[in-house]
Every structure is written in structure tokens, then in C-alpha cells.
Amino acid sequence: MLRIGFLICFVFLQIQISAAEKHQKNNNFKFESAGMRLELEEIIQVDGVVWGIDFINPKTMIFTVRRGETLLLDLKTKKTTPLSGSPIVHRVMGGGPFDSVASGGLFDVLVDKSFKENKFLYFAYVKKTKRGHALAVAKGRLEKNQIQDLQDIFIANNDSEEAGRWGTRLEMDAKGFLYIAVGDRRIGDNAQDLNNHLGKIIRLHSDGAVPIDNPFFGKDNVAPEIWSYGHRNPQGLAIQPKTGELFEHEHGPDGGDEINVIEAGKNYGWPIISYGMSRTGAQIGTRAKLPGLIQPISYYEPGIAPSGMSFYDGNYFKGWSGNLFIGSLNRMRLNRIAIKGREILEEEQLLSNWGERIRDVTEGLDGFIYLATGSGKIARIQIQAG
């Protein structure tokens with residue numbers, strides 16, 4: 001009888017544990033923010049790192065997988081369609097603490113502001129060159145399930161064998177100017193050298209031509225494509241819808257991840273000023289305000305490894321109007337920032353229980369917020385039903 005009683009208690013305990021685990025699992029994807037009851041819906045999971053997401057129309061997402069694939073996702077049926085004609089990428093091992101990871105490949109995808117008329121797409125990727133590899137941006141036209149007439153419109157001019165810190169985000173403003181975030185390729189001094197594209201924000205016409213109102217256009221010994229410089233590893237670009245200002249975030253060395261507002265011709269300081277440390281614990285550069293160097297509007301200490309950035313401009317999430325969202329890789333969360341002009345009013349950490357490295361965050365054309373992760377998941381945030 002004692003043995004039977006013990007068995008019954010054990011089974012009852014296991015049922016309670018199972019129910020608690022199920023309850024906890026369900027609760028992991030339900031949360032509250034700004035007075036709203038929200039839920040996260042996982043739409044699909046693919047094999048590989050989903051790096052960039054954008055939208056063809058309110059019902060169709062386009063996304064990239066880092067190893068070199070581009071796919072369409074029907075947001076209603078949740079079916080994916082692979083596209084032929086993606087850029088031929090050069091996969092590179094990561095470098096630094098990620099030596100064993102093939103982190104180079106296909107990165108961001110951007111849908112042209114006038115896509116309905118011209119069908120143009122833009123891709124950031126690692127391209128094999130004679131001296132190693134370089135960040136490149138290609139432009140193509142979507143026809144059914146094919147990317148046609150693909151051609152490079154930008155190739156960073158300081159190619160090398162260095163791995164990592166490519167940057168690689170793309171953004172387009174209301175006038176159709178294309179912005180490209182380029183990392184310093186693990187050589188900090190590149191960011192201060194105006195002869196090369198590394199550690200810079202690049203500004204081009206959509207066909208790759210250099211705008212004559214770029215700050216260094218026509219100057220000797222300066223790359224005319226440069227819009228701003230002194231950046232380390234920028235992995236987030238977003239236009240503030242109300243003001244048209246370009247926001248950027250970038251990885252610091254060990255801590256010191258920055259949020260910046262980008263202005264033409266300005267120097268954002270890396271590696272002269274930094275709020276991060278080397279991996280040995282030594283301060284890099286100085287935290288002091290120096291003439292001619294722009295300070296970030298905010299920084300993270302310790303760092304969050306930011307990736308992806310989007311302002312919310314829709315009407316669906318009333319409590320999030322005008323907020324800025326940033327994905328975090330190493331902290332595995334989504335940061336929501338209430339911001340007024342350039343002043344950060346409040347910052348909230350969301351989805352910490354999800355356990356995903358959030359690689360990209362974007363407002364959909366349907367008003368929902370969509371997320372992409374390093375494990376290959378695509379998900380959306382919506383208001384809880386009922």
C-alpha cells in the first residue's frame with residue numbers, strides 16, 4: 001500500500017509539474033507593455049540565421065537567410081517561396097570570439113520606396129574579391145519568383161581578409177536616397193580614414209551614383225560616398241517618420257553600444273571616443289567630450305549587441321506610437337524606447353523569456369511588429385485576443 005501511495009503521489013506531482021511547465025511556456029509569449037496586453041506569435045522557423053526582413057505588400061514579407069537565400073513569406077498562409085537570383089555570397093568565418101561561426105554571407109534586404117512601380121530590391125552581402133572580401137550592395141528587380149537584372153551598385157573600397165564587423169544595414173529616406181551602414185572590419189583606424197568606406201554611413205542615389213550634395217563630394221583624397229564616419233559596427237538604421245532624421249546604432253567593443261542621430265559630414269568618434277572596454281578590461285579611447293566629435297544620444301553599459309532597428313508609426317499599438325525598437329543579440333530581448341526628439345524618456349525590456357537572439361525588428365505594412373532571430377524564427381507581436 002505504501003508503494004502504491006508513493007506511486008500515486010509521484011504521478012500527481014509529475015502532472016502538476018507538466019501543467020506548470022505548459023503554463024510557463026504559454027506565458028513566455030504573453031506580456032504587457034504601455035497598458036496593452038500583448039502576445040508573440042511564432043510564424044515560421046527556417047534552417048539558418050534570418051538576417052533581414054522587409055515587406056513587398058501588407059500580406060507578403062521578404063527575408064534573407066545569412067547563408068545566401070532569399071524567400072517570400074505569405075503572412076496569412078505562413079508558406080514560404082524561395083527566390084532565384086540572389087547575390088552569390090562569400091561565406092566567411094566570424095573572427096574574434098566567433099571564429100568557428102560562418103557569420104559572413106547575405107545580410108540585409110530592402111524594398112524600394114517605389115516598389116509598386118519599379119519592383120526594385122537591394123541586398124547587402126559579402127562579396128569575394130581579389131584581395132579577400134568586401135561588403136557589397138546589389139540591386140535587382142523582382143519578377144514572380146525571380147530576382148532579375150541583379151548588379152552591384154556599391155562595393156566597399158578597402159577589401160581585405162579581415163572577418164567580422166561588416167555593419168550591413170540598409171535604409172532609404174522619403175527622397176529615395178539609399179543609406180548603407182559599413183563596419184570598420186576590425187581595424188578601428190579605418191573609421192577615421194576618409195579615403196575608405198569602412199566605419200562609415202554611405203549615402204547614394206538608388207542606382208549607386210553619388211549625390212552631389214554629399215558632404216565630401218568633389219574633395220581630394222576623400223571617398224565621396226561618405227555621409228558620416230567614426231563608426232565601429234553599425235547594425236541598425238531607421239528613419240524617424242515625423243522628423244526624417246536618420247537614427248543609427250552600433251556595437252561597441254565590450255559594452256559601449258551606441259544610439260546616434262546621423263548628420264551629414266559628422267565624426268562619431270570611434271575609436272577616439274568610446275564607452276566600451278577591450279576584452280582585457282582596458283578603456284578604449286576616452287569618454288570625454290572632444291571638439292568635432294559627436295557624442296551618442298545614449299549608450300549601453302554593459303552592452304546588448306544591438307541588431308535591427310525600427311520606429312513604430314502605425315495605429316494598431318496605441319501605447320507605442322513613435323517608439324523606437326531595437327533587437328538584442330546577447331541579451332536576447334527587444335528594447336522599447338519612448339523618445340521625444342533626441343531625448344530618451346523611457347526604456348523597457350521585452351521578451352526576455354523568449355530566449356532568442358533578435359536579429360531584426362521591423363514594423364509591417366499591416367501595423368504589426370515583426371521579429372527575426374538567429375535560430376531562424378520569424379514572429380509577430382499583436383494584441384491579445386479577447
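The values are calculated or read from the model by the stated rules, or taken from the named source; none is laboratory data. In this text the structure is predicted, and so the values were computed from the model without any measurement. Heads up, the Cβs are rebuilt from the backbone with ideal geometry, glycines too, and the neighbour counts pull from every protein chain shown. Just the protein is used for accessible areas: all its heavy atoms, side chains included, with ligands, DNA and RNA removed. Shrake-Rupley method; radii C 1.70, N 1.55, O 1.52, S 1.80 Å.
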What residues of the range 357-376 lie in the reach of a label at K116, counting those whose backbone N is under 11 Å from a point 7 Å from the Cα along Cα→Cβ? none
At 1.4 Å probe size, what's the solvent-accessible area of E143? Round to the nearest 10 Å². 70
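Sort 68-75, 295-302, 176-183 by the packing proxy (mean of other Cβ within 10 Å over each peptide's residues), most packed first. It would help to have the intermediate numbers written out before the result.
Working: 68-75: 19.0, 295-302: 17.5, 176-183: 24.0.
Top to bottom by mean Cβ count within 10 Å: 176-183, 68-75, 295-302.
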Quickly rank 122-128, 278-284 as a protection proxy: mean count of other C-beta atoms within 10 Å, highest first. 122-128, 278-284
Which residues among the range 245-259 fall inside the zone where the amide N is under 14 Å from a point 7 Å beyond the Cα of S278, along Cα→Cβ? 253-254
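Going down the list K175/K242; K119/K200; K175/K219; K76/K139; K175/K266, which pairs span over 19 Å between their C-alpha atoms? Could you put the intermediate results ahead of the total?
Details: K175/K242 14 Å; K119/K200 28 Å; K175/K219 24 Å; K76/K139 28 Å; K175/K266 21 Å.
Distance filter (> 19 Å) returns K119/K200; K175/K219; K76/K139; K175/K266.
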Computed from these coordinates, which is Rg and Dmax of the Cα atoms in Å: [x] 22.0, 93; [y] 28.3, 100; [z] 27.7, 94? [x]
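Residue separation times 0.36 nm, minus the C-alpha to C-alpha distance between E41 and D152: what's the value? It would help to have the intermediate numbers written out before the result.
Numbers: separation 111, 0.36 × 111 = 39.96 nm, distance 3.61 nm.
36.4 nm is the gain from fully extending E41 to D152.
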How far is it, in nm, from the label point at L345 to the one at E263 when both lie 7 Å from their Cα along the line to the Cβ? 2.4
Full-stretch length increase - N315, S352 - with 0.36 nm per residue and alpha-carbon distance subtracted: 10.8 nm
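Ignoring any ligand, DNA or RNA, what whole percent of the accessible area of the chain comes from carbon and sulfur when the probe is 1.4 angstrom?
After summing per-atom areas, the C and S share lands at 52 percent.
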Taking Cα centroids, how far is the range 177-240 from the range 41-68 in Å? 27
Given 147-156, 320-329, 342-351, the highest-first ranking by average Cβ count within 10 Å works out to 320-329, 147-156, 342-351
Using DSSP to define loop residues, name the trypsin sites (Lys or Arg not before Pro) in the range 167-199 whose beta-carbon has at most 12 other beta-carbon atoms within 10 Å. K175
Helix 2-27 against the longest principal axis of the chain: what's the angle in degrees, Cα atoms only, rounded to the nearest 10? 30
Once all protein chains are kept in place, I88 shows an accessible area at probe 1.4 Å, nearest 10 Å², of 150
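For the chain, what is the accessible area per residue in Å², given a 1.4 Å probe and the full set of protein chains?
Working: 17550 Å² over 386 residues.
Ligands and nucleic acids excluded, the figure is 45 Å² per residue.
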Report, in debye and to the nearest 20, how large the dipole of the chain comes out about its Cα centre when Lys and Arg carry +1 and Asp and Glu carry -1 on their Cβ. 800
